[in-house]
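Asks: What follows is a single structure, and I will ask about it in a moment.
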Amino acid sequence: MTQATDPTVQAFPNLHVFDHPLIRHKLGIVRQKDTRYERFRALVNQIAGLMLFEVSRAFPVEPCSVDTPMEKTEAVRLARSVTVCPILRAGLGMSDGLLEIMPEARVGHIGMYRDEDTLEPVTYLCKLPENAASGPVILVDPMLATGGSAVAAVKMLEKQGITDIRLICLVAAPEGVRTMHEHCPDVPIYTAALDRQLNADGFILPGLGDAGDRLFGTK
Ligand code: PRP
């Protein structure tokens with residue numbers, strides 16, 4: 001598949017593009033235009049779950065002890081409560097996959113849509129768990145297009161005192177990565193694919209179309 005060759009994007013140290021056979025296989029089916037919403041939704045969640053293994057790698061842990069049926073032994077547990085924060089609507093499509101692997105996470109919601117004419121994000125909701133700032137927050141949105149929504153969401157989280165933020169998406173455009181690099185250089189981006197470019201309407205190419213509509217069958 002054609003991938004971005006933009007040197008700024010390639011040099012972005014906080015960009016993690018997954019190169020995994022299973023993720024690439026599933027993403028291929030997700031991209032396919034006649035994949036219907038039942039399968040699309042299932043695959044998007046499965047990909048999110050697979051990505052979480054890497055996204056959570058630096059989560060803080062603390063030592064604890066457990067009693068096995070045989071004896072006491074040392075173990076570790078997550079030291080901080082994690083918040084999964086989907087950007088509505090499409091972010092919901094990846095959240096279940098993350099929560100299946102990490103059911104102890106809390107969930108925040110950021111409601112935001114992109115004005116179709118200006119491509120600027122419009123916020124209509126921000127509901128976060130109490131003390132979300134005490135642990136990592138995974139911001140979830142399948143599409144990083146111009147990056148406007150992701151940057152606005154990060155700024156909103158930062159206003160609440162949240163500093164440990166990661167963004168997980170399915171497909172990212174170089175334009176969005178550049179915008180994140182410029183405005184939120186400390187926020188790591190985890191994406192299943194880095195696509196070629198945006199078209200004039202702000203859609204990712206080759207992309208997968210409108211993730212929200214395909215997830216929820218609204219078009
Ligand atoms: C899409 C997508 C992102 C945003 C990306 O949402 O899910 O939230 O656009 O675009 P950007 O990087 O240029 O800001 P959309 O506005 O289609 O809303 P939806 O999730 O309700 O479908």
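Throughout, read-outs are computed from the coordinates displayed, never taken from laboratory work. The shown structure was predicted, so the numbers you read here are calculated from the model rather than taken from an experiment. Here Cβ is always computed from backbone atoms with ideal geometry, including for glycine, and neighbour counts include all displayed protein chains.
Asks: So in segment 151-168, with the set limited to residues that are within 13 Å of the chain's Cα centre (by Cα) and more than 13 Å from the ligand (Cβ to nearest atom), which one is farthest from residue 203 (Cα to Cα)?
Replies: 165
Asks: Just checking, does segment 102-109 include any residue being more than 14 Å from the ligand (Cβ to nearest atom), in contact with a Lys or Arg (Cβ under 7 Å, 6 or more places away or on another chain) and closer than 25 Å to residue 12 by Cα?
Replies: no
Asks: Go through segment 180-198 residue by residue and tally those that are within 11 Å of the ligand (Cβ to nearest atom) and over 16 Å from the mean Cα position of the chain (by Cα). Steps first, answer last, please.
Replies: To start, the set of residues in segment 180-198 that are within 11 Å of the ligand (Cβ to nearest atom) comprises 180, 198.
Restricting the remaining residues to those that are over 16 Å from the mean Cα position of the chain (by Cα) gives 198.
The number of residues fulfilling the criteria is 1.
Asks: Also, quick follow-up: Of the residues 213, 201, which is within 12 Å of the ligand (Cβ to nearest atom), at negative phi and assigned to a loop (DSSP other than H, G, I, E, B)? Can you show your working first?
Replies: Numbers: 213 fails: assigned to a loop (DSSP other than H, G, I, E, B).
Of 213, 201, the one residue that is within 12 Å of the ligand (Cβ to nearest atom), at negative phi and assigned to a loop (DSSP other than H, G, I, E, B) is 201.
Asks: Another question about this same structure. Select from segment 62-86 the residues that are among the charged types (D, E, K, R) and within 35 Å of the chain's Cα centre (by Cα) and write down the one among them that is farthest from residue 106 (Cα to Cα).
Replies: Across segment 62-86, the extreme among qualifying residues is 74.
Asks: With respect to residue 56, determine if the residue is surrounded by 11 or more Cβ atoms within 10 Å (Cβ to Cβ), within 20 Å of residue 20 (Cα to Cα) and either in contact with a Pro (Cβ under 8 Å, 6 or more places away or on another chain) or among the polar types (S, T, N, Q) (or both).
Replies: Yes: the conditions hold for residue 56.
Asks: Need pairs with beta-carbon distance below 6 Å; first residue more than 20 Å from residue 94 (Cα to Cα) and within segment 194-219, second surrounded by fewer than 16 Cβ atoms within 10 Å (Cβ to Cβ) and polar (S, T, N, Q); sequence gap 6+ or separate chains.
Replies: Here the result reads 196/2; 205/197; 205/199, each pair linking segment 194-219 to a residue that is surrounded by fewer than 16 Cβ atoms within 10 Å (Cβ to Cβ) and polar (S, T, N, Q).
Asks: Looking only at segment 115-150, which residues are within 15 Å of the ligand (Cβ to nearest atom), outside any loop (DSSP other than H, G, I, E, B) and touching a Ser or Thr at 6+ places or on another chain (Cβ under 6 Å)?
Replies: Within segment 115-150, 121, 140 meet the criteria.
Asks: While we're here: Please pick out the residue among 191, 146, 163 that is of a type in the set (Val, Ile, Thr) and farther than 27 Å from residue 42 by Cα. Show your work before the answer.
Replies: Numbers: 191 fails: farther than 27 Å from residue 42 by Cα; 146 fails: farther than 27 Å from residue 42 by Cα.
Testing whether each residue is of a type in the set (Val, Ile, Thr) and farther than 27 Å from residue 42 by Cα leaves just 163.
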